[in-house]
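In what follows, a structure is listed as structure tokens, so that the remarks can point back to it.
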């Protein structure tokens with residue numbers, strides 16, 4: 001295991017070392033100490049490294065992740081796992097807004113709460129949140145699954161496409177074209193697998209499912225005055 005201390009090294013030096021290691025693959029396990037809320041930690045990794053961040057991280061932690069498994073032992077700022085392609089990111093604390101924004105694949109697990117716009121424009125990733133999420137979450141969500149064991153804020157799933165949304169708690173309001181849907185056997189099985197993967201002991205039957213009513217997919221002349 002290799003350790004990088006961000007009280008003495010820079011984030012640029014850390015990320016360059018991780019990128020270099022992704023080519024060599026001689027040391028797969030990395031520990032980052034004293035992150036102190038610095039931004040852009042462990043961004044752009046494209047190999048099967050394990051990165052353990054021992055503290056709070058700032059903006060865009062683990063952004064553009066591909067294949068790596070990254071754990072943050074604290075809270076994270078805006079855009080954690082933004083544009084993630086594969087691998088996993090686990091946040092032991094809470095996340096600020098836009099967690100998992102535009103993520104194409106992999107899984108983001110947040111053990112605390114997530115702020116506004118969680119999963120905005122997600123494109124195939126899985127996001128599992130133990131706590132609550134803020135307003136406008138999953139706005140324009142295109143593909144993937146969003147699981148929330150707590151409550152959701154205003155305008156959940158506004159203008160979404162085909163994301164599967166599972167919420168255990170209360171939903172303050174639904175966004176445009178987002179509706180509650182039937183929870184069938186295949187959805188219970190899908191949700192069970194996601195909860196197990198995240199390590200959360202929750203009953204899938206206690207969740208409700210939301211998705212697109214598919215009314216915004218095509219232009220309708222009757223609604224022309226609204227544009």
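List the equivalent ellipsoid semi-axes of region 35-193 in whole Å, largest first, each obtained as the square root of 5λ for an eigenvalue λ of the Cα gyration tensor. Before the final figure, lay out each step's value.
Details: eigenvalues 122, 49, 36 Å².
With the √(5λ) rule applied to region 35-193, the semi-axes are 25, 16, 13 Å.
Please work out the C-alpha center-to-center distance from region 89-167 to region 31-81 and express it in whole Å.
Region 89-167 and region 31-81 have Cα centres spaced 18 Å from each other.
Angle check, please: helix 185-198 long axis (alpha carbons) against the longest principal axis of the chain (alpha carbons), in degrees 0 to 90, nearest 10.
Here the helix axis deviates by roughly 20 degrees.
Report the Cα-based extents of region 17-92 along its three principal axes, largest first, to the nearest Å.
Dimensions of region 17-92 along the principal axes of its Cα atoms: 30, 24, 17 Å.
Once the Cα atoms of helix 11-24 and of the chain are each reduced to a long axis, what angle between those two axes, in degrees from 0 to 90 to the nearest 10, is obtained?
90
Over region 2-217, what relative contact order in percent results from Cα pairs under 8 Å that are six or more residues apart?
Values: 715 pairs, mean separation 21.9, N = 216.
Result for region 2-217 is 10 percent.
FYI, it's all coordinate maths here, none of it is from the lab. Model, not experiment: these values are computed from the prediction.
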